[in-house]
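**Student:** Take a look at the following structure, please.
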Amino acid sequence: MSALPLAVTRRRRRSVRHTLDLRVSPYAYVAPFFLLFCAFGLFPLVYTAWVSLHEWTLLSDTQEFIGLGNYATLLADPYFWNATFNTLSIGVLSTVPQLLLAIWLAHLLNRRLRFQTLFRISLLLPNVTSVVAVVVIFSQLFGRDFGLINWVLSWFGVGTVDWAAGTATSHVALSVMIMWRWTGYNALIFLAAMQAVPRELYEAATIDGASGFRQLRSITIPMIRPTIIFVVIVSTIGAMQIIAEPMLFGQSSGGGGGIATGGPDRQFQTLALFVYEQGFANSTFDFGYASAASWLMFLAVVIVAGINFLISRRVRGGVV
């Protein structure tokens with residue numbers, strides 16, 4: 001008789017352990033991520049917001065609370081709006097052709113080709129190349145006196161172009177660098193989505209006499225639309241954070257200006273470069289002002305992410 005209560009007790013203990021394992025263990029598995037996110041993501045974000053409300057410089061021992069003063073000054077700063085325009089211009093010039101080319105390359109690689117693996121690896125090579133090496137090489141290609149681009153343009157009667165001196169020309173040069181680095185990467189994402197499209201749809205379209213371009217437009221693009229939206233939003237967010245290319249381009253091209261000014265006339269200074277200039281390149285090391293600019297960038301990213309969520313949900317509803 002005494003063995004029965006003991007067996008029941010053991011069974012209850014096992015049941016409790018099993019219940020705890022089902023309910024608690026998932027949180028234990030994801031806890032390391034949230035701990036790291038709070039330490040290196042959430043805390044810096046909240047602390048930056050606090051710093052943006054102060055007159056906070058490294059040259060002063062006191063930090064005066066000024067509320068939204070930094071934001072008011074920032075919105076009236078022409079350099080901030082110049083950096084905003086440059087960021088949007090470079091983002092559009094690099095993102096739109098990049099995504100169109102990536103879809104076309106993915107469509108080509110989605111066919112039965114020889115050496116498919118070699119081609120796919122080659123697409124990823126520009127992305128793993130050091131950004132410093134990329135900017136140095138392209139700065140030489142876009143050189144004013146001995147650049148290869150100007151040499152080719154001279155065949156068509158185009159005079160010498162100082163790519164780093166003008167606003168439009170510098171944006172084009174930087175956009176080409178960004179396109180070269182990220183087109184192959186995005187093409188592989190599109191290719192992975194295309195692999196999930198049923199082959200029967202292409203076979204039926206081929207029997208109906210549809211060309212390759214018609215299949216791309218009528219079958220491939222509608223089927224991978226959620227992936228296209230994802231890549232567009234991620235590329236847009238990445239374009240808002242461009243800093244390495246303009247910083248190194250200004251130094252490699254010899255266009256003059258400081259390392260963070262984006263040229264002598266700030267013709268290719270981006271928002272990220274503007275934040276770096278205010279926080280680290282200026283003699284005042286104005287962290288409060290730089291934090292305010294960072295938060296405005298963050299709010300823009302949140303707005304874009306929200307639009308992405310709404311569009312993705314609508315697309316999924318339409319597909320279903």
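**Student:** Would you mention how many residues in segment 43-73 are closer than 17 Å to F280 by Cβ, hydrophobic (A, V, I, L, M, F, W, C) and out of contact with any Ser or Thr (no Cβ under 7 Å at 6 or more places or on another chain)?
**Tutor:** Here the count works out to 2.
**Student:** I would also like to ask the following. Does segment 60-82 include one or more residues that are free of Cβ contacts under 8 Å to residues at least 60 places away in the same chain and under 27 Å from I233 (Cβ atoms)?
**Tutor:** Yes: segment 60-82 contains one or more residues that are free of Cβ contacts under 8 Å to residues at least 60 places away in the same chain and under 27 Å from I233 (Cβ atoms).
**Student:** Among residues belonging to segment 159-171 that are free of Cβ contacts under 8 Å to residues at least 24 places away in the same chain and closer than 14 Å to P246 by Cα, point out the one that is surrounded by the fewest Cβ atoms within 10 Å (Cβ to Cβ).
**Tutor:** Step by step, filter segment 159-171, then rank; the result is A168.
**Student:** Mind listing whichever residues of segment 172-206 are without any contact (Cβ under 8 Å) to a residue 60 or more places away in the chain and polar (S, T, N, Q)?
**Tutor:** The answer is T206, and nothing else.
**Student:** With (1) among the β-branched types (V, I, T); (2) open to solvent by 30 Å² or more (accessible area, probe 1.4 Å); (3) more than 25 Å from the chain's Cα centre (by Cα) as the list, and V92 as the residue in question, which single condition is left unmet?
**Tutor:** It fails just one condition, (3).
**Student:** Where residues in segment 184-211 are within 17 Å of Q116 (Cα to Cα) and polar (S, T, N, Q), which of them is modelled with the lowest pLDDT?
**Tutor:** Out of the qualifying residues, it is Q195.
**Student:** Restricting to segment 123-158, name every residue that is open to solvent by 50 Å² or more (accessible area, probe 1.4 Å), part of a loop (DSSP other than H, G, I, E, B) and either touching a residue at least 60 places away in the same chain (Cβ under 8 Å) or not β-branched (V, I, T) (or both).
**Tutor:** Those that are open to solvent by 50 Å² or more (accessible area, probe 1.4 Å), part of a loop (DSSP other than H, G, I, E, B) and either touching a residue at least 60 places away in the same chain (Cβ under 8 Å) or not β-branched (V, I, T) (or both): S130, R144, D145, F146, W155, F156, G157.
Quick grid of which residues meet (1) open to solvent by less than 20 Å² (accessible area, probe 1.4 Å); (2) under 24 Å from the mean Cα position of the chain (by Cα):
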{"residue": "I189", "(1), (2)": "no, yes"}
{"residue": "R199", "(1), (2)": "no, no"}
{"residue": "V231", "(1), (2)": "yes, yes"}
{"residue": "I242", "(1), (2)": "yes, yes"}
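Conditions tested, residue by residue: (1) part of a loop (DSSP other than H, G, I, E, B); (2) open to solvent by less than 20 Å² (accessible area, probe 1.4 Å); (3) of a type in the set (S, T, Y); (4) closer than 30 Å to S52 by Cβ.
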residue: T183; (1), (2), (3), (4): no, yes, yes, no
residue: T206; (1), (2), (3), (4): no, no, yes, no
residue: G209; (1), (2), (3), (4): yes, no, no, no
residue: I237; (1), (2), (3), (4): no, no, no, yes
residue: E245; (1), (2), (3), (4): no, yes, no, yes
residue: P264; (1), (2), (3), (4): yes, no, no, yes
residue: G279; (1), (2), (3), (4): no, yes, no, yes
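**Student:** Right, here's the next one. Could you go through segment 110-119 and let me know if any residue there is surrounded by 16 or more Cβ atoms within 10 Å (Cβ to Cβ) and in contact (Cβ under 8 Å) with a residue 40 or more places away in the chain.
**Tutor:** Yes, there is a match, as at least one residue in segment 110-119 is surrounded by 16 or more Cβ atoms within 10 Å (Cβ to Cβ) and in contact (Cβ under 8 Å) with a residue 40 or more places away in the chain.
**Student:** Same structure again: Which pairs have Cβ atoms under 6 Å, sit 6 or more apart or on different chains, and link a residue in segment 269-285 that is free of Cβ contacts under 8 Å to residues at least 60 places away in the same chain to one that is of a type in the set (F, W, Y) and assigned to a helix (DSSP H, G or I)?
**Tutor:** Q278/Y289; G279/F287
**Student:** Residue by residue through segment 72-86, note down the ones that are of a type in the set (S, T, Y) and either crowded, with 18+ Cβ neighbours inside 10 Å or closer than 21 Å to I243 by Cα (or both).
**Tutor:** Y79, T84
**Student:** Where in segment 1-120 are the helices (runs of 4 or more DSSP H), entirely inside, with at least 2 residues that are modelled with pLDDT of 90 or more and under 30 Å from T169 (Cβ atoms)?
**Tutor:** 69-75, 78-109
The values are calculated or read from the model by the stated rules, or taken from the named source; none is laboratory data. Since we're looking at a predicted model, the values are computed, not measured. A quick note on method: Cβ atoms are made from the backbone with ideal geometry, for glycine too, and the neighbour counts reach across all protein chains shown. In case anyone asks, the SASA skips ligands and DNA or RNA and just uses the protein heavy atoms, side chains included. Shrake-Rupley method; radii C 1.70, N 1.55, O 1.52, S 1.80 Å.
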